Each structure stands twice: as C-alpha cells, then as structure tokens.
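Beneath this line is the structure, given in structure tokens, with notes to follow.
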Amino acid sequence: MAEASDAARTVILTVDDDPGVSRAIARDLRRRYGGGYRIVRAESGDSALDALRELKLRGDLVAVILADYRMPQMNGIEFLEQALGVYPGARRVLLTAYADTNAAIDAINVVDLDHYLLKPWDPPEEKLYPVLDDLLTAWRSSDYRPVPETKMVGHRWSAHSSRVREFLARNQVPYRWYASDEPEGQRLLEAAGTDGHRLPLVLTPDGTVLIEPDAPELAAHVGLATTPAAEFYDLVVIGGGPAGLGAAVYGASEGLRTVLVERSATGGQAGQSSRIENYLGFPDGVSGAQLTERARRQATRFGAEILTAREVTGLDVHGPARVVRFSDGSTVAAHSVILATGVSYRQLRAPGCEELTGRGVYYGSSLTEASSCEGQDVYIVGGANSAGQAAVFLARGAKSVTLLVRGESLAASMSYYLIQQIEEAPNITVRPRTVVEAAHGEEHLERLTLRDAVSGDSEVVDAQWLFVFIGAAPLTDWLDGTVLRDEHGFILAGPDLTPDGRPPGEWELDRPPYHLETSVPGVFVAGDARAESAKRVASAVGEGAMAVMLVHRYLEQS
C-alpha cells in the first residue's frame, strides 16, 4: 500500500472507451487499493491525458497507468507514449484481447511497457492484483516521486525569471527551478497548456498556474501573508531588514499589537549576505538568510504579523492615528510607526547595464545565482562589506573572482577580517581604481569595458556575470513632504532634526523629539534609513529595539 503521507495524492489511472469495462476495472481496483490510492478513470485517451496534466500541475503522484489497447482516435499504445512524457516514472500496463498480444509485445519496446493483461482479468485475485502488487512495489522503490514544492519554469537569461527566483529564495519558499529548454521544463509547460513564450511559469503545490506573476500575486499563492488581520495596531513597522525585524520582535514581545510590512522579502540587504562573521554571538558566522529566518520566526512566535509584497506609498496623520497607505489604495492605521525601510544598492549607470539587469548583471543576487557561476569568471563591483562577502562566497565555486574597486584599496570601506580572507583566496583578484565603463551583450552579458580611473585607459574583457554592490540609496521618496530628510534622502531624527537641537518648526508637542523620533510625533526611524546611522547589522537591530522603547514612552504620554 502507499505510505500514509502519499495516500491522498497517489493515483492509479485507468482508461477504457467501453463504459462498462471502465467501471468494472475501476471497481476492482478500488476494492483492493482504494484505501491507499486514489482511483481515477477516463473513457478516452484525450480525457486521460487531460487528467494526467491536471494531476501533474497539482503535484500528485501517479503510480500505475492501465490503458485499453483498442480505443478509437488514440489507441492504448499511442496514449501510453504521450503519458510517458507527463509521468515518466509511472508503471504502464496495456489491457488487450488475445488477438492483440503481438501488438502488446511490440509496445514493450515502444513505450517501455511494464506489463500487459488479457481481458477479461477475472478473477482479479489471480490475474490482476498480483501483477499490480509487484508494479506498485517497484514504483515505491523508484526515485520518480515529484517533490511537493513550488515549481518554476523560466529562461536562464530572463530578468523576470531572475526576480521571481530571488523573491522565492529570499522568502524561504521551497521551489524547484526548471529551464524552459530542458525536458522536465517542457513537460511542465505542456501540462500547463502554454507555449513557453510568456515566462516565468510558476506552479504552486496546489496546482495553481501563474504566468509572469508579480510579487503580490506570487506571495498570495505561496502561503505568504499579504493582508493585515486588523485595521488598527499599536505599532506598524515599515521594512523587514534587521532594524524592522528587531523592532517587530521587541514590540510584539512587550505586548504591542505589531504588524511588519515588507515590500519584497524580510532581511533587507543583510538577508542577502552569504556570511556575516562579526555579529555578536555567532563566532563561526551566520548567513544573512539564517539570521533573517530566525528573527522572522521569533517575531511571529511573539505574535507579530508579517505582511510581504506590500508596497507603502504614503503616511498620513489623522489626530492620534498614523495611517499607512499601500499602493493598491488600502490602508492600515496605528498609534505609532517605525520607519525601517533600509537602503537599496545604487544602480550602475554605465551604458548597457540597465538593459542587461537580470541577464548577467545583478544587484545583490549572489546567493541565488551562485550555482550558475560554477567554474566561470565572475566580476564584482564594490568595495564595502557586502561586496567582500559576495567575493569570498562566490570564490568557492567560480574559476576566478575579480573585485572592481573605484578607490585606492579596500581598507577605507571594508572590514579587516574580510580583507584578510580576500588576500588569502588564490582565485580573487582586486583591481583598484577601476570602473565599469559599459556592458555589452545581446540576450545576456557577454563583455565588459573596464576603465582605469587614473590613467583613463580602457580594456574589454569577456564576462557573463557581474554583481554590483555600490553605495546605498535610502528608500524614502514616498515620505517626501511628510518627514524631514537630509539632502541624500536619509531620515532626520532627534537632535539631528535642527542644527540647534530645538524641535522643528511644526513640532506640536511641548517636549523635544526623542532620540529616534522623526519630525512627526509618534513616527520613529531605525537602521540604515536614518541619517548618520552606522550601516551595520548589529546597530540596526539595536536601533529597532531602542525605537520600541521610545514608542512605549510616546504611548504613555499620549
């Protein structure tokens, strides 16, 4: 019998154009195997193929297929030949009359037939069940069981496919990637009834087909929460990086009704780090993904809600309420707000880079793309810790890693421990005073033009992989006209609001702003989005916790 975990999703399919025969064999199959397998019957080859494709999309298992030989339009051998492409691991049985035994024998070579049965098969205890028992035993010991996870079919050099892979990976959604030109990818495209011109294709475990999905649609179908459970909270945290997660953990653990809103995936830039080795309490280092996942679980355990793929577009003040507006027009309100929006990597403005983004040029995607870089030459732009961590990580599998640095050396912007690791890696080369002048390629990145920033000399190098980690741009444009920011867009808070330390002109309270409080009372900032912040994971987490302490003080005095 099937294992208990598979029982509800393991199928024995039978197809026969004679309704009476079809019902009879289904009846005999249910009598013996109905407790452990789902019996599905069809009365034509076409309808049986449709059933198989639907089962494939849903991630169901098909153990055995029994097909009648003499069927109009599509005989049993023709059907099994097509079924082989949908479920190559299913055991195949042909039902034949005595006169068709030669055709059945020939089918052994055509469709790799496992067995043929003569009709009638009475008594089934002697002529049907022993055969199927052996086939089911063989199937259970095989390695053809599909993994019950999200499946994705895409093109290797598709920017949209790259974004979807990044979204799934960073949100800890298990998925299996299939290239559109490989056999399994083509089988999934056929099962979904699409020609593959619109990619990526995402198949969720429940069989939902998503074509070219955006982040909100994807989140809604892979089990990520996207809608707040309430209309009003004590605290809304905007941004799911280390500062936001720290605020969510401390806010929820101290009894505040807390919701965290993230536009892409929790973790921020830190969540994309392959190895963080200077974070307190992890002497052997920890990946950004591991740290993020632990913090996310911790926040939800304390009762914080986490909303994913929700873009915030505005912040309004209505009396004591702070109202957060989303891009779809909906809102959520709270007594207080913590802005932990973090920063994004600045875009490389060299000609060709924008067109080739996601097709060889990537921003902070080294973890997702690392397996594709095995044995190849990789270029990285940047001289800070994120670039150094990516270089050390990619060097484990890449043929060579070249770090392109605008400055004289790494010493001014990178931690000492990372500089040491880079110097010790034989396949990492650092090229100081070097900038990318242009990126070239048709379907994907093929070459880079590099320029010496001092001499002005240029050279063209072959390159298929360029990872960019340059600077940080705060994600605060949506706050224009609401809270005070500096000339670079970073949020001003506390004593930094005015040169003399006095409250800003429109400040409505008798007291001065708290240390992390913005120009709007009850709205705080934490982490990299704050002007003059330390830009380190530990300090961001600390500011998130400190902001919650100040939220409590604000709520007590409101």
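So what is the accessible area of segment 254-299 per residue, in Å², with the probe set to 1.4 Å?
The answer is 46 Å² per residue.
A simple spin-label model places pseudo-atoms 7 Å from Cα toward Cβ; at Gln186 and Ser372 they are separated by 2.1 nm. FRET efficiency for the pair Arg70 and Glu217, taken as 1/(1 + (r/R0)^6) with r the Cβ-Cβ distance and R0 = 60 Å, rounds to 0.85. Treating r as the C-beta distance of Glu126 and Glu81 and R0 as 35 Å, the FRET efficiency rounds to 0.75.
Quick one: pull the percent of accessible area on segment 465-551 belonging to carbon and sulfur, 1.4 Å probe, ligands and nucleic acids left out. All intermediate terms of the calculation are to be shown ahead of the outcome.
Numbers: 1930 of 3740 Å².
Taking all protein chains in place, segment 465-551 shows 52 percent carbon and sulfur surface.
Hydrodynamic estimate: the Kirkwood radius of the chain over Cα pairs, inserted into Stokes-Einstein at 10 °C and 1.306 mPa s, corresponds to D of 59 µm²/s. Here, segment 429-558 yields an orientationally averaged convex hull projection of 12.3 nm² when only Cα atoms define the hull. Can you work out the FRET efficiency for the pair Gln420 and Ser458, with r the C-beta to C-beta distance and R0 = 22 Å, to the nearest 0.05? With R0 = 22 Å, the Cβ-Cβ based efficiency is 0.10. Under 20 Å of direct C-alpha separation, and excluding same-chain neighbours fewer than eight residues apart, Lys56 reaches these lysines: Lys151.
Spin-label pair Ala138-Ala179: with each label point 7 Å from Cα along the Cα-Cβ axis, the two points sit 3.2 nm from one another. Bridging of Lys127 to lysines at a Cα separation below 22 Å is possible for Lys119, once same-chain residues fewer than 8 apart are set aside.
Near the amide H of Ala438, within less than 5 Å, lie the amide hydrogens of Thr449, all on another chain or at least 5 residues away, with H placed in the peptide plane.
A simple count of charges around Gly358, restricted to other residues whose Cβ falls under 13 Å of its Cβ and scoring Lys, Arg +1 and Asp, Glu -1, yields -1.
Axis of helix 537-557 versus longest Cα principal axis of the chain: the two differ by about 70°, to the nearest ten degrees.
Quick check: at a probe of 1.4 Å, how many percent of the accessible area of segment 304-442 sits on carbon and sulfur atoms? Working shown, then result.
Details: 2780 of 5770 Å².
Of all accessible area on segment 304-442, carbon and sulfur atoms account for 48 percent.
Compared with the direct C-alpha span, the chain from Ala438 to Ala159 gains 98.6 nm at full extension, assuming 0.36 nm per residue. Excluding ligands, DNA and RNA, the accessible surface per residue across segment 191-233 is 49 Å² with a 1.4 Å probe.
The values are calculated or read from the model by the stated rules, or taken from the named source; none is laboratory data. Computed from a predicted structure; not experimentally measured. All Cβ positions, glycine included, derive from the backbone under ideal geometry; neighbour counts span all protein chains shown. Side chains are part of the model used for accessible areas, which takes the heavy atoms of the whole protein and leaves out ligands, DNA and RNA. Shrake-Rupley method; radii C 1.70, N 1.55, O 1.52, S 1.80 Å.
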